[in-house]
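The structure under discussion appears below in the form of structure tokens.
The values are calculated or read from the model by the stated rules, or taken from the named source; none is laboratory data. The shown structure was predicted, so the numbers you read here are calculated from the model rather than taken from an experiment. Don't worry about glycine lacking a Cβ; one is built from the backbone with ideal geometry, like all the others, and counts go over all protein chains shown.
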Amino acid sequence: MKHSEYQQLLKTDKCKAQRTVFDEYLNYVYTIAFNRLRSCGSREDVDECVSDIFKDIFDSYENKPIADNDIKGFISTVALRKSAAYYHRLCRNKNSISLDDEHTDTFPSDENISESAEKNEMRRTLMKLIESLGEPDSTIIIQKYYYGRNSFEISGFVSLTPAMIRVRSSRALKKLRRLLSDNDISI
């Protein structure tokens with residue numbers, strides 16, 4: 001969709017114009033947000049970020065001059081900036097500790113710190129190994145086992161057929177098992 005087409009549709013039916021842009025660019029925006037937030041956010045965080053991206057697009061698009069009818073460039077800029085802001089906010093929230101005035105003397109916890117540190121290190125190592133599989137295998141594995149999506153749902157992210165996704169998933173798991181055994185990791 002070009003800027004002029006969107007502007008024309010916007011004059012006649014604002015809801016239809018927004019729905020058309022949403023339908024056309026949802027997978028594109030979701031991929032940008034997912035790739036930025038997959039290391040620190042949950043599925044809900046990615047969904048929330050995508051919603052906020054489209055809100056920003058619809059709120060600001062009408063008032064911005066767009067060069068060369070480049071609506072996709074505008075959308076990608078908004079998506080990259082908003083997902084980066086979410087990434088920084090999520091990382092900051094994970095690393096911060098809030099102290100209530102009432103509980104500053106002690107920090108009671110049943111958590112075993114060494115066990116927790118070991119699990120965190122295992123997660124980081126596993127993510128590095130999954131990322132080392134390359135695209136689209138790493139995306140397929142993360143979408144399937146972290147987000148619980150099926151092959152049909154994943155096909156919207158990686159532009160492969162569901163059958164091909166199952167084949168790639170099987171091969172990627174074999175590679176991942178080999179990488180885990182090479183690093184003396186058992187899960």
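Overview of values
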{"quantity": "Condition check for Ser39: more than 18 Å from the chain's Cα centre (by Cα) and small (Gly, Ala, Ser)", "calculated": "no"}
{"quantity": "Every pair of residues 6+ apart whose Cβ atoms lie under 6 Å, when the first sits in region 62-90 and is surrounded by 14 or more Cβ atoms within 10 Å (Cβ to Cβ) and assigned to a helix (DSSP H, G or I) while the second is modelled with pLDDT of 85 or more and among the basic types (Lys, Arg)", "calculated": "Ser83/Arg36; Tyr87/Arg36"}
{"quantity": "Residue within region 166-174 that is crowded, with 19+ Cβ neighbours inside 10 Å and closer than 16 Å to Tyr30 by Cβ present", "calculated": "no"}
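Okay, residues lined up against (1) among the hydroxyl-bearing types (Ser, Thr, Tyr); (2) touching a strand residue (DSSP E or B) at 6+ places or on another chain (Cβ under 6 Å); (3) touching a residue at least 40 places away in the same chain (Cβ under 8 Å); (4) surrounded by fewer than 20 Cβ atoms within 10 Å (Cβ to Cβ):
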{"position": "Ser4", "(1), (2), (3), (4)": "yes, no, yes, yes"}
{"position": "Gln7", "(1), (2), (3), (4)": "no, no, no, yes"}
{"position": "Ala17", "(1), (2), (3), (4)": "no, no, no, no"}
{"position": "Asn27", "(1), (2), (3), (4)": "no, no, yes, yes"}
{"position": "Tyr30", "(1), (2), (3), (4)": "yes, no, yes, yes"}
{"position": "Ala33", "(1), (2), (3), (4)": "no, no, yes, no"}
{"position": "Arg38", "(1), (2), (3), (4)": "no, no, yes, no"}
